[in-house]
Amino acid sequence: MTKGLNESEAWAVIDGGRLGHLGCIDQDEPYVVPINYLVEDRRIYSHSLPGRKISALRAHKRACLQVDRIQNDFHWQSAIAFGSYEEINDDLKKTIVLGQLLERFPALTPVESHLASEGKREVVVFCLHVDKVTGAAED
C-alpha cells in the first residue's frame, strides 16, 4: 500500500542517495537528467560542464531533484526536493564543494575529474536551495 512520507523521511531518502533525477524547464518543456549530488544544510550541490541543463537552470531558477530507494516492485521509497537554482561563483566555496564531490564520487568522468581537480572555470558548481520536500513509499 502506498503511503506518503513525512518531511524527515523524505529527507532521509534524499540524504541517503547518490544519484537523483534533476528536473527543470528547458524552452517551456520539462527536462530531466540524472546527476550525482551531495546534501548539506537543506541545499543540494552538484556540478556540470556547460550545456543544456545549465542553460535551462539559468533561464528558469525553479528545479527539483527526485531520488528513489528501491528494493523491489513492492518495497520502495521516492522523494522530491523542490527549490531554486544558484550557481556557486565564489572560488573558495566552489573549490570546497568540488573537493567534496570528488571525494564522494572519485570515479567521475575523466574530463570532469581533471577539470574539477584543477578548479577550472568550465566546471559549473551549483546548488538547489530546497524549500519543500515530499515523498511516497510502498511497503
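Each value in this text was obtained by applying a stated rule to the coordinates, not by laboratory testing. The shown structure was predicted, so the numbers you read here are calculated from the model rather than taken from an experiment. Please note: Cβ atoms are built from the backbone with ideal geometry, for glycine as well, and neighbour counts cover all protein chains shown.
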If you check L22, L5, which single one turns out to be farther than 22 Å from D139 by Cα and among the hydrophobic types (A, V, I, L, M, F, W, C)?
-> L22
Within segment 58-85, the residues that are surrounded by 14 or more Cβ atoms within 10 Å (Cβ to Cβ), hydrophobic (A, V, I, L, M, F, W, C) and touching a Phe, Trp or Tyr at 6+ places or on another chain (Cβ under 6 Å) are A63, C64
With criteria (1) over 19 Å from A136 (Cβ atoms); (2) out of contact with any Cys (no Cβ under 7 Å at 6 or more places or on another chain), H60 comes up short on (2)
Working only within segment 40-57, note down all residues that are over 12 Å from F126 (Cα atoms), of a type outside the set (G, A, S) and either assigned to a helix (DSSP H, G or I) or touching a Phe, Trp or Tyr at 6+ places or on another chain (Cβ under 9 Å) (or both).
-> R42, R52
Does segment 17-39 include one or more residues that are surrounded by fewer than 13 Cβ atoms within 10 Å (Cβ to Cβ) and in a helix (DSSP H, G or I)?
-> no
